[in-house]
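No lab work stands behind these numbers, since they all come straight from the coordinates. Quantities reported herein were computed from a predicted structural model and do not represent experimental measurements. FYI the Cβ positions are ideal-geometry reconstructions off the backbone, even for glycines, and counts take in every protein chain you see.
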Amino acid sequence: IDFAYDFQFVLEREIESNNMMATRELIDNLEVASIYTNERNFKVVLRGVDYLNMIEDGRRAGKMPPIRAILNWIEIKPIIPRQEYDKELTNNQLAFLIARKIGNEGVLGKKLISKTMDEVIKTYRPLFKAAILKDIELGIYKEIQSEIFGYKNMTIKIK
């Protein structure tokens, strides 16, 4: 279904415009699929890197994140530690300080997935509405043909 593809495209655009990419790993590992649960319903499944949930929902204070992940981010980005008190910070020290701050204060989520879903649903709302009305219409015609007229094998075509 086009909804999943559009959702992925808009989410990738949100990630890029919010400068959430140190590498292309976040976008390259996004996988969006539509799965039909029955003939009328489907759900959208989103798979991605393990830190995608942290980007969406943030991280509450209380526990430091892995320093190795932050160190990797510092080296890829690259983040240059500023000199403090005539003393230059190493990348390891900077990673520790960032991890400690996140552990103490937490980080707010970006809510990119939620924003993307809202945006894509706005686009698809008229299509969803038309499909629902079509289902109701078909249901009414089937009810009329079987209950009122007693024709169980009759088919009514709707244009």
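Quick look at the values:
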{"read-out": "Spherically averaged projected area of region 24-98 from its Cα convex hull (nm²)", "value": "7.1"}
{"read-out": "Exceeding the 20 Å Cα-Cα cut-off - candidates Lys43/Lys110; Lys43/Lys129; Lys63/Lys115", "value": "Lys43/Lys110; Lys63/Lys115"}
{"read-out": "Amide H partners (placed H, <5 Å) of Gly106, local residues excluded", "value": "Ala61, Gly62"}
{"read-out": "Kirkwood hydrodynamic radius (C-alpha pairs) into Stokes-Einstein, region 67-114, 10 °C and 1.306 mPa s, D in µm²/s", "value": "132"}
{"read-out": "Environment charge at Arg100 (Cβ cut-off 14 Å; Lys +1, Arg +1, Asp -1, Glu -1)", "value": "+2"}
{"read-out": "Label zone at Met21, where the point sits 7 Å out along the Cα-to-Cβ direction: region 30-64 residues whose backbone N lies under 12 Å", "value": "30"}
{"read-out": "For region 1-55, fraction of C-alpha pairs farther apart than 15 Å, in %", "value": "50"}
{"read-out": "Among 5-15, 88-98, 117-127, the order from most to least packed when residues are scored by Cβ within 10 Å on average", "value": "5-15, 88-98, 117-127"}
